[in-house]
Amino acid sequence: MCLSIAACGAGLAPDAADTSAAAARKMGGATQAATQLAAVVASTSNVLPLPGDDVMKKLGESIISSAANAKVITTAPGAATGTIFYVDPSGSDSNNGTSQSTPWQTIQKVNARTYSPGDMILFKAGGSWELSVALHPLGSGSAAAPIVIGAYGTGAKPKLSAKNIAQPWTATDGTTHYASDALYLENQQYYEIRDLDISSKPDGYTGTAAETAKLFDRRGIHIVGGNNTTQTILQGFSLHDLYVHDVAGEWQSVSGTGWDPSKRTAGILFEIIVKGANGLPVVANPVDVTGYQPTWFSNVTIEKNVLVNNSFGGIIIKQLAAWGVRQDASGPDYDVTGWYPNTNITIQNNYLDHNGSDWAADTIYLTCSKDSVIRHNVSSGAGTSGIELYYTDNITVEWNEVYGAKQKPTGSDSNAIDTDKATTNALVQYNYLHDNGDGILLCGFLYGSSVYRYNVIKDTDPGKRYMNIHGDKGNNYIYNNVFYNSSSSASTFVNSSGGSAYLADSNNFEYFYNNIFYSPNATSTVADGTSVTYDNNSYYGVATVPAEDTHAIIGDPQFMNVLAVIGGAGNTVNLNGFKLKAASPLIGAGKVITAHPSTNIAVAPMVDLEGKSVVGASTDVGAYVVQPDIINMTVSDTANAADWAIKRNVQVGNALYGDRTLTITTLPSLYLGGDWIRTANDSKAYTGTTLVTFTVTRNSTVYIASDDRITTKPAWLAAWTATTDKLTETEGTVVRAYTIYKKEFAANALVSLGAGGSTSYNNYAVIVKPLIANMLVSDTANAASWSALSAIQVGDTLFGDRSVTVNSLPAAYVGADWIRTANASKSYTGATLLTFSVTRNSTVYVAIDDRITTLPAWLSTWTSTPDKLIDNEAGTTRQFSIYQKSYTAHSQVSLGNTGSTTYNNYTVMVK
């Protein structure tokens, strides 16, 4: 650890003390910073729309099972722009260190040098160092040439253990503490740290609550800034492919010690400090910053690391109270004077496991920061919170899997995600939170605002809450989430651990829209209060539905297959079971979200948990959208436009018009379940050229049902084909018949319809069906992973349950409608695996794995083509031969099983 601020400052690059820092902060960071963040986001390793990171989970679990699996995985450093220095336990400090044959030996030798941009400090794979001082190289890199601290060779990651470091300091209460860091940087920037095994586990320590005496003021990687007399941004940190574990840090709470002394121990800690005469950070409540100007971090990326059993936390980002605590403010901007947050922090694709320590609490604790993202992390066994935000603004928390958070003997809370005090404009989406104490803690004291959407919250501990409202000032929007209880015990979906007063606070507001509350126990509860609003939610197994939810949908939501939902230890996340069946009453029953008042969080662009766009004047309830086929409707008859509506899932019994109580009496099965437009009957009086326009999102057939009493059809209908099918509706005791006309449209085509052709008789109805309709999968166990899609392309994910992609496909097939099957359905042995209808004359193509040498009997009536689909299975390519068969419009296509339980399932395309 550096004991002299002068010595540490000598390593500061010329651009670190940036006199324009305040301006950059007000602008949200420099252009370069924004560019770097965009590059980081684009490089996210998990490109599939799945919470967590399955690759990192498997890696982390393998390392926990055997530490020998912590291998050097970064590619060789290649040509350095500076000098490469090598360190080997069997080396010698009398060597020059610049070749693998002349390496240095000790950390002290590494610390004695000031490094330049582009230099690399590489430790030998398999080497081990028990530290007596922290690794603290001096100097800074540059944006173009960071300093690299990493590994060379193959095998185990180099081990740096700080268990023997114990530098004493005395707290204000007179108690003695011992500081210990494995790797330390101070007022330095532009560093890449990778491929190290870092720990600080005292001998005999097992992580139990009784071992208080073994806990020190410990950190694995400790990066600090401070003691600067000009405003300073420290930036350009990349920490990746690290194994940081068993950092036995002491536990200091905010309520116990105040902000500055609290929660400063972690596997990885970034913080701002003021140093004392002893060379250590001043620990006081608060720290006196007189004579110093604010310092903060920017452009920090922490990714692809495994962090296990670190206390207090896994990853912590902090700022001093003088510059990091937010005072009272109002939305939507929540501007606060004197606030100097860290910016552009990216924490992604990490595996964090705290199951083995009673002291290991938050896995990710992001504070005093803005314009940052936490995504694709896996958190298991946290105490207090899996992911906690405190004094933050404009943070996105997405695609994370958090499970096993529990109340530990050393802590209190036990939630998956906590948007805590003075946290504003937090966007929390696409996360899978399961088997925790509380699911979500809304702890917005002082003030706060957040949006929670398209998350799955499954199974909380008995007596806990899926949504714990525990703040006293804020605006929180909670929509299109699934709250699912799989147990036979009753669940508390919404309530407050602080009592009913938090549900009736005149300054604190929660809005619940389009959520599914599902429990097999009919006595589960959803608490209400004057500050809580419910609308358009689905309730199953809820004892008392909030009276204010006048658009509540009560009953079975008709999930695809909730038994297929998996995640957690040893499992790849699969949430497809929460998709809705075609007949679900939740399709089109949602509230359209147009704004988030008192926040700066934009509604659009918005996609569901599968990545489908949520657009148009109709939406579904829950976290998955059933692909809308009609969007962007414009009605020229402005006098009656309010009575027109895009609807989903047309059925017998539906009201045909928005301004009449006429119902559909009969409708052929081909049309049932289609998207449709409920028109206004009074629009029959409209005589303009164009009555309505809309866009179809997929290759589709549009159907017009025209009143048979109109003997002279409008001229525009001459281009449409009359079918022999009829829609009938009932007017009192009179049944009216409507002939159905059809016309085909390509995906994204604009459909323009004229007036009905009569001011006396009824207006027409509109139904839209995609080319592939009425799909039914007999393999119910895996049906949720099947989906009908448009426009197959190279690069598409081939199976709904495997990360296998289309590597190549002949041009004739590119753009075809297709069915993404489930690979696991190859095990289905029933005679019929799949049926669907085609809405026009079509050729159906089946691509079957060439390794299946005995083709299924049903394929004998199909014609073999010379074409191949080729997939990519983690670098291995497989060929699929393509077979074809022609079908007439409205035909049912029936396909059997794949003919092999060993090789890949088939893929279906339609043109």
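Details
- Entries in LYS71/LYS464; LYS263/LYS304; LYS647/LYS684; LYS157/LYS464; LYS159/LYS464; LYS742/LYS868 that, when Cα-Cα distance is taken, lie over 30 Å: LYS71/LYS464; LYS157/LYS464; LYS159/LYS464; LYS742/LYS868
- Backbone N within the range 654-683 under 14 Å of label point (7 Å from LYS726 Cα along the Cβ vector): 665-668
- For the range 429-452, the residues whose backbone nitrogen is under 17 Å from a point 7 Å from the Cα of ALA569, taken along Cα to Cβ, are 434-437.
- Gyration tensor verdict on the range 5-412 (Cα atoms; rounded if a/c is under 1.5, prolate if a/b is larger than b/c, oblate otherwise): rounded
- Considering only ILE268, GLY331, GLN348, and ranking their Cα positions along the charge dipole of the range 241-348 that arises from unit charges at the beta-carbon of Lys, Arg, Asp and Glu, the one farthest toward the positive end is ILE268.
- Label separation (ALA718 vs ALA812): 3.7 nm, computed from points 7 Å beyond Cα along the C-beta direction.
- On the principal axes of its alpha carbon atoms, the range 413-624 extends 43, 39, 37 Å, with the longest extent given first.
- Stokes-Einstein D in µm²/s, Kirkwood radius over Cα pairs - the range 149-301 at 20 °C with 1.002 mPa s viscosity: 130
- Simple Cβ-charge dipole of the chain, Lys/Arg +1 and Asp/Glu -1, about Cα centre, in debye nearest 20: 1780
- Averaged over residues, the count of other Cβ atoms within 10 Å places the peptides 526-532, 158-164 in the sequence 158-164, 526-532, highest first.
- Distance in nm between pseudo-label sites at THR780 and THR689 (7 Å out along the Cβ direction from Cα): 5.4
- Peptides 436-442, 590-596 ranked from most to least packed give 436-442, 590-596, packing being the mean of other C-beta atoms within 10 angstrom over each peptide's residues.
- ³J(HN,Hα), Karplus 6.51/-1.76/1.60, whole Hz, each residue of the range 372-380, x for Gly, Pro: 9, 9, 10, 9, 6, 9, 10, 10, 10
- Charge dipole (Cα centre; +1 on Lys/Arg Cβ, -1 on Asp/Glu Cβ; no other charges) of the range 630-770 amounts to roughly 280 debye.
- Taking every DSSP bridge with both residues inside the chain, close to 35 percent are antiparallel.
- FRET E, pair TYR178, THR81, Förster distance 41 Å, beta-carbon r, rounded to 0.05: 0.55
- Measuring nothing but how far apart in sequence close Cα pairs (under 8 Å, 6+ apart) lie, relative to its length, the range 5-412 scores a relative contact order of 14 percent.
- Charge dipole (debye, nearest 20) of the range 440-562; +1 at Cβ of Lys and Arg, -1 at Cβ of Asp and Glu: 260
- Evaluating 6.51 cos²θ - 1.76 cosθ + 1.60 at θ = phi - 60° for every residue in the range 518-530, the Karplus couplings come out as 10, 8, x, 9, 6, 9, 5, 10, 10, 6, 10, x, 5 Hz, glycine and proline recorded as x.
- For the range 596-694, averaging the sequence separation of C-alpha pairs within contact (under 8 Å, six or more residues apart) and dividing by the residue count gives a relative contact order of 26 percent.
- Amide H partners (placed H, <5 Å) of ASP362, local residues excluded: GLY383, SER385
- The range 773-910: antiparallel DSSP beta bridges as a percent of all, rounded to 5: 95
- Calculated FRET value between VAL794 and ALA145, using beta carbons and R₀ = 45 Å, to 0.05: 0.80
- Mean separation of Cα pairs under 8 Å and 6 or more residues apart, divided by the residue count, gives the range 773-910 a relative contact order of 32 percent.
- Simple label model, 7 Å out from Cα along Cβ direction - GLU873 to THR835, nm: 3.1
- The largest-to-smallest principal axis extents of the Cα set in the range 558-693 are 64, 44, 22 Å.
- For the chain, the 222 nm mean residue ellipticity estimated from helices alone, with every DSSP H stretch of n ≥ 4 adding -39500 (n - 2.57) and the total spread over all residues, rounds to -1500 deg cm²/dmol.
- Which of SER524, VAL565, GLY471, positive extreme of dipole for the range 413-624 (C-beta unit charges): VAL565
- For LYS163, residues with placed amide H under 5 Å, excluding near neighbours: LEU131, LYS201
- Extreme residue, positive dipole direction of the range 773-910, given options SER894, GLY815, LEU869 (C-beta unit charges): SER894
- Given R0 = 51 Å, the distance between the Cβ atoms of ASN111 and THR550 translates into a calculated FRET efficiency of 0.15.
- Average silhouette area of the chain, convex hull of alpha-carbon atoms, in square nanometres: 41.0
- Taking amide H positions as modeled 1.01 Å from N, with prolines and chain starts lacking one, no residue 5 or more places away or on another chain lies under 5 Å from TYR828.
- Per-residue HN-Hα couplings for the range 565-572 [Karplus 6.51, -1.76, 1.60; θ = phi - 60°; Hz; x = Gly/Pro]: 6, 9, x, x, 4, x, 10, 6
- Helix axis angle, 31-42 relative to the chain longest principal axis, alpha carbon, degrees: 60
Every number here is computed from the coordinates shown, using simple stated rules; none is lab data. Computed from a prediction, not measured in an experiment: that's the story for all the values here. So basically every Cβ, Gly included, is an ideal-geometry build from the backbone, and we count neighbours across all protein chains shown.
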